[in-house]
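I have placed the structure first, in the form of structure tokens, so that the comments after it can refer back to it.
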Amino acid sequence: MNPEGLPELPQSPRPERGDFLAHLLPVDAPELVFIPGFLPQPFADQWLDWLLDGVAWETRSISFGGRPIPVPRLVAWYGEEAYRYGGFTHPVCPLPPPLARLRDQVAQVVQQHLPAAPGFNSVLLNQYRDGQDSMSFHADNEVQLGPAPVIASLSLGATRTFQFRSTAAAANGRRQRLAGLLTHGSLLVMHGHSQLDWQHAIPKEPCTGMRINLTFRLTAPLQPGPLRRKTA
């Protein structure tokens, strides 16, 4: 199935951040834009079907105690630059034409809400096969992504909880935590200091459905030196 003929997406109303996060936001909450119906369900369904068969999914492992431990999800990468994170280096891999068109639609809508946002030249995909697949707390703070990256995250499939925690502890010694739900066809845009002041995660949960997540980003050429920027 080829997702041709995707409709021109209308300009979405500027969303309230409270549409996503599960409770009232403090002043220092992460900087987010959330568009629940970025892809209407018929087109979200079509994309989900195409991505399952049209993407070269890989199983990755990390070294822990000298032993390889499989990462609890499938991954894929398409980008104009090589990208290094989490001990992996993804080589240059041009976006297939359908993904390039989707990238352009995502960038167009993001710039309606964030006029200074750059375009995107790459996409990292994760496939969560069921509720036991997960992503631990981390920040997309690689030097390649710039000092204040704009990360546009498109969710397809099962609804999953998305968690934030602050990188710095509050006066009581505890990190602040926030959470929201990522629904089928929704687009979450993280910008500003979201990757410096906050980490995010997809926890394990009772869920039998499959979810695919596409994170569009602007990636600079890989250079020698530190891979990550210091967080707060």
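Details
- The numbered conditions (1) under 13 Å from the mean Cα position of the chain (by Cα); (2) open to solvent by 30 Å² or more (accessible area, probe 1.4 Å); (3) farther than 25 Å from Pro221 by Cα are all true for His191 except (3).
- Scope segment 122-136; condition hydrophobic (A, V, I, L, M, F, W, C) and at pLDDT 95 or above; matching residues: Val123, Leu124, Leu125
- Within segment 165-191, the set of residues being closer than 30 Å to Leu48 by Cβ and in contact with a Lys or Arg (Cβ under 7 Å, 6 or more places away or on another chain) comprises Arg165, Arg177, Leu182.
- Test: residue in segment 205-213 that is basic (Lys, Arg), in a loop (DSSP other than H, G, I, E, B) and modelled with pLDDT of 90 or more: no
- Val143 being more than 16 Å from Glu80 (Cβ to Cβ) and in contact (Cβ under 8 Å) with a residue 24 or more places away in the chain: yes
The values are calculated or read from the model by the stated rules, or taken from the named source; none is laboratory data. Bear in mind the structure is a predicted one, so any value in this text is a computation, not a measurement. FYI the Cβ positions are ideal-geometry reconstructions off the backbone, even for glycines, and counts take in every protein chain you see. The area values use the complete protein model at the heavy-atom level, side chains included, leaving out ligands, DNA and RNA. Shrake-Rupley method; radii C 1.70, N 1.55, O 1.52, S 1.80 Å.
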